[in-house]
Amino acid sequence: MSGADDVLAEARAHIEEGSAWKARDLLAAHVETREDAEALTMLGHVLHGMGDLPRAGAMWFAAGTKGPEADAAVAAWREQSGDDFAVMWRSLPTPVREEPRPARIEALHAKALDADPRLDADPEPFVRTGELVAAPEDEADGVDGAQVIGWILAALFVVAAVIGVVTVLGWLVPGG
């Protein structure tokens, strides 16, 4: 048995014992390190069974799985990503995004590049958390609104503290 066959057999065993989450984690780790259509397909089935249609759709799209369940899951994947092709591209496992790519993956890559021309500049600036992955926000030129609000709140706090100190001193100092 090859390493991929071992992973698939272990995932099947987890599924049979009712530990779909173990199969999901095992398969997800596996497809992040190597392109394996059978593992992607199985991961899609596990995710679908767990009710995670968008992630199942991403895996089935990557594997090229066809059928009504796969079509519905891919539609859920597109809906969750808001048809943002760059987000969809980033949600695919790394080996699937590497060249050479099947035509469907290449078409998604082309659409993702149209949506975000910087897509290939830094191929892995994204953190995977089990959810679809969005690009980190670039630091905008200019003023950060949250920082301005923070400074305003700090100034108000200082003013309130000074007023409080003056009031307490007025109570403590006789004849004031």
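The values are calculated or read from the model by the stated rules, or taken from the named source; none is laboratory data. The shown structure was predicted, so the numbers you read here are calculated from the model rather than taken from an experiment. Methodologically, a virtual Cβ is constructed for each residue, glycine included, from the backbone with ideal geometry; neighbour enumeration extends over all protein chains shown. Only protein heavy atoms, including side chains, enter the accessible area calculation; ligands, DNA and RNA are left aside. Shrake-Rupley method; radii C 1.70, N 1.55, O 1.52, S 1.80 Å.
Observations
- Single residue of 52, 6 found to be surrounded by fewer than 13 Cβ atoms within 10 Å (Cβ to Cβ) and either touching a helix residue (DSSP H, G or I) at 6+ places or on another chain (Cβ under 6 Å) or free of Cβ contacts under 8 Å to residues at least 12 places away in the same chain (or both): 6
- Of the residues making up the range 15-26, those that are farther than 12 Å from residue 49 by Cβ and assigned to a helix (DSSP H, G or I) number 4.
- Count of the range 77-117 residues which are farther than 26 Å from residue 33 by Cβ and of a type in the set (A, V, I, L, M, F, W, C): 1
- Filtered by the rule that a residue be touching a helix residue (DSSP H, G or I) at 6+ places or on another chain (Cβ under 7 Å) and small (Gly, Ala, Ser), the range 9-32 gives 11, 20, 23, 28.
- Filter result (in contact (Cβ under 8 Å) with a residue 60 or more places away in the chain and surrounded by fewer than 16 Cβ atoms within 10 Å (Cβ to Cβ)) within the range 13-36: 32, 33, 34
- For the residues 63, 39, 75, the requirement of being exposed (fewer than 14 other Cβ atoms within 10 Å of the Cβ), modelled with pLDDT of 90 or more and of a type in the set (A, V, I, L, M) singles out 75.
- Of residues in the range 86-112 being in contact (Cβ under 8 Å) with a residue 12 or more places away in the chain and open to solvent by 50 Å² or more (accessible area, probe 1.4 Å), the one nearest to residue 28 (Cα to Cα): 98
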